[in-house]
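Visitor: Here you go, one structure.
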Amino acid sequence: LVTLVVGQTAVTVSVGTKYQRIDGFGFSQAFGRAAEFQNASSDLQKQALDYLFSTDTGAGFSIIRNRIGSGGQGDSIEPKSPGSPTATPSYVWDDDDRGQVWFTKQAMSYGVSTIYADAWSAPGFMKTSGSESSPGYLCGTPGHKCSSGDWRQAYADFLVKYVQLYAAAGMPITHLGFLNEPDFSPSYSQMQISSNAAEAIDFIPILYKTVQAAGLSTNLTCCDAMGWGTTTNNYVPALVRSGVTSYLAVITSHSYSADATSAITSTPLPKWNTEGGPNTQFTTTWYGSGAANEGFTWANKLAVAMVRAELSAYLFWEGFEIRQTQSAMHLVDTLDGRSATPSGIFWAFAMWSRHIRPGAYRVAATGSPSGVITGAFVNADGSVVVVFTNSGSAAQSAALAFSSGFTPANASAWVTSNSAKFASTPATLSGGKVTVSIPGRAVVTVKL
């Protein structure tokens, strides 16, 4: 086997030139997938949890996204209308939340501290449609009057109560969202906003004040659109113009209708991709044809999102499912009911999330080899991580040098390709420079 390697490229990392802070990488176990996880055998549980959260052998995911249920009994903390917006609600808490309580505790045991709770919809009785699973708007928001009254404050109280219930159980929710894909009308939990985000702009200050009045430090997010096109072109400009970004901590979006490919510069708020995944079959393939479910396809998405679009976090849709290989929307499955199997996409995430930890900053990296996206990061502990994503078929060689402020004492490198999954690969340190080879259609992560 002869591997073609083109000429070596000098890459300079300037640790003093910082860009976005990295909050982490993650996934969800919503809609009962957490309960499915909880009901798996203890051995299978451990395998899957290690794959997802271990920083030694797994991906080291550091963010989880839980769904705030809005349906009937067993799904919502307020399954029945109190009769009016000002009536005292009857909250119900089962200390389970469709398995999400167990799942959250498991994640926290691995060191996860960023917990994002997001509501797909307000309870149906608070909406213009009267149903949580039918298109509708929150009653009382601009242009949406309801005979039952104005439910804006009641919805804010509902969300805060959910956060308080988790806090009382020792699970502090760090981020809170009140919308999910408001530009989409599915047949399940949903709530809409207009393209000018008028309803969100109206509700955000109410929710913020309610969170503050409760003495919570929970951060607010908006708006989890279907794709970055709507987020970039519609929602963010409207939120910025209105001034409500002062109440928010994070801009959120999904990547179904459009990926994050360029930076949003109109607001300094961190940007998170909070959901994404391909609508096709689960596969362990790294690279074959460049299909949507292949690992390298997602490696490239991640590189573009984190380096060019300057995202602070990237979450896949779901983490673990059992014998659901008709779908590629989760990262780990079990094909035989006994052993956990990671997808090719899982390894794409692991090349970023295991060593780039929450609190890291992306820093300047110049001189990337042709066809290679290079992302450099400084962790809170002072370590430097450089991720090379080579979309070409030929191997590349890079010689890493560092500006003043960092001198590498040692170097380690790992590669994921068609023939390797997070395997150790040579990183030669000499004279303050580190040389690595990056195979074609592969990702190499270097830690210094």
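The values are calculated or read from the model by the stated rules, or taken from the named source; none is laboratory data. Keep in mind that what you see is a predicted model, and the values were worked out from it rather than measured. Here the Cβ positions follow ideal geometry from the backbone for every residue, glycine too, while neighbour counts run over all protein chains shown. All accessible areas refer to the heavy atoms of the entire protein, side chains included, with ligands and DNA or RNA removed. Shrake-Rupley method; radii C 1.70, N 1.55, O 1.52, S 1.80 Å.
Visitor: Just a yes or no: is a residue in segment 142-153 surrounded by fewer than 19 Cβ atoms within 10 Å (Cβ to Cβ) and either part of a helix (DSSP H, G or I) or at pLDDT below 95 (or both)? Reasoning before the result, please.
Guide: From segment 142-153, those surrounded by fewer than 19 Cβ atoms within 10 Å (Cβ to Cβ) are 142-143, 145, 147-150, 153; that's our starting set.
Keeping just the survivors that are either part of a helix (DSSP H, G or I) or at pLDDT below 95 (or both) gives 153.
Yes; the residues of segment 142-153 include at least one that is surrounded by fewer than 19 Cβ atoms within 10 Å (Cβ to Cβ) and either part of a helix (DSSP H, G or I) or at pLDDT below 95 (or both).
Visitor: Does segment 202-236 hold any residues that are under 23 Å from PHE184 (Cα atoms), open to solvent by 40 Å² or more (accessible area, probe 1.4 Å) and over 18 Å from the mean Cα position of the chain (by Cα), and which are they?
Guide: Taking segment 202-236 first, the residues under 23 Å from PHE184 (Cα atoms) are 202-204, 207, 220-236.
Checking which are open to solvent by 40 Å² or more (accessible area, probe 1.4 Å) leaves us with 202, 232-234.
Answer for segment 202-236, where residues must be under 23 Å from PHE184 (Cα atoms), open to solvent by 40 Å² or more (accessible area, probe 1.4 Å) and over 18 Å from the mean Cα position of the chain (by Cα): ASP202, ASN233, ASN234.
Visitor: Let me ask another. I'd like to verify a number: residues in segment 71-96 that are in contact (Cβ under 8 Å) with a residue 60 or more places away in the chain and touching a Gly at 6+ places or on another chain (Cβ under 7 Å), how many?
Guide: 2
Visitor: Hey, another quick one. Considering each residue of segment 372-412, count those that are open to solvent by less than 30 Å² (accessible area, probe 1.4 Å), part of a loop (DSSP other than H, G, I, E, B) and either out of contact with any strand residue (DSSP E or B) (no Cβ under 9 Å at 6 or more places or on another chain) or not small (Gly, Ala, Ser) (or both), and give that number.
Guide: 2
Visitor: Please count how many residues of segment 23-74 are in a loop (DSSP other than H, G, I, E, B) and among the aromatic types (Phe, Trp, Tyr). So that I can check it myself, show each step before the final result.
Guide: If we filter segment 23-74 for residues that are in a loop (DSSP other than H, G, I, E, B), which is where we start, we get 23, 29-32, 39-41, 54-62, 69-74.
Keeping just the survivors that are among the aromatic types (Phe, Trp, Tyr) gives 31, 61.
Of the residues in that region, 2 qualify.
Visitor: From the list TYR110, TYR91, which one is in contact with a Phe, Trp or Tyr (Cβ under 7 Å, 6 or more places away or on another chain) and surrounded by fewer than 17 Cβ atoms within 10 Å (Cβ to Cβ)?
Guide: Values: TYR91 fails: in contact with a Phe, Trp or Tyr (Cβ under 7 Å, 6 or more places away or on another chain).
Among TYR110, TYR91, only TYR110 is in contact with a Phe, Trp or Tyr (Cβ under 7 Å, 6 or more places away or on another chain) and surrounded by fewer than 17 Cβ atoms within 10 Å (Cβ to Cβ).
Visitor: Please pick out the residue among PHE31, PHE53 that is on the phi > 0 side of the Ramachandran plot and not small (Gly, Ala, Ser).
Guide: On the way: PHE53 fails: on the phi > 0 side of the Ramachandran plot.
Just one listed residue meets the conditions, PHE31.
Visitor: Using beta carbons and a limit of 6 Å, which pairs, at least six apart or on different chains, have the first residue in segment 166-177 and in the same structural domain as PRO270 (by the TED database) and the second one assigned to a loop (DSSP other than H, G, I, E, B) and open to solvent by less than 40 Å² (accessible area, probe 1.4 Å)?
Guide: Qualifying pairs under 6 Å: TYR166/ILE173; ILE173/THR218; LEU176/THR218.
Visitor: Still on this structure: Quick check, is TYR188 of a type outside the set (D, E, K, R), in a loop (DSSP other than H, G, I, E, B), farther than 19 Å from THR274 by Cβ and open to solvent by 30 Å² or more (accessible area, probe 1.4 Å)? Quick ask: steps written out before the conclusion?
Guide: Working: of a type outside the set (D, E, K, R): yes; in a loop (DSSP other than H, G, I, E, B): yes; farther than 19 Å from THR274 by Cβ: no; open to solvent by 30 Å² or more (accessible area, probe 1.4 Å): yes.
No: the conditions fail for TYR188.
Visitor: Could you run through segment 291-331 and say how many residues are over 30 Å from PRO268 (Cβ atoms), of a type outside the set (Val, Ile, Thr) and open to solvent by 40 Å² or more (accessible area, probe 1.4 Å)?
Guide: Selection size over segment 291-331: 4.
Visitor: Here is a follow-up. If SER28 satisfies all but one of (1) hydroxyl-bearing (Ser, Thr, Tyr); (2) over 17 Å from the mean Cα position of the chain (by Cα); (3) closer than 29 Å to LEU179 by Cβ, what's the number of the condition it fails?
Guide: (2)
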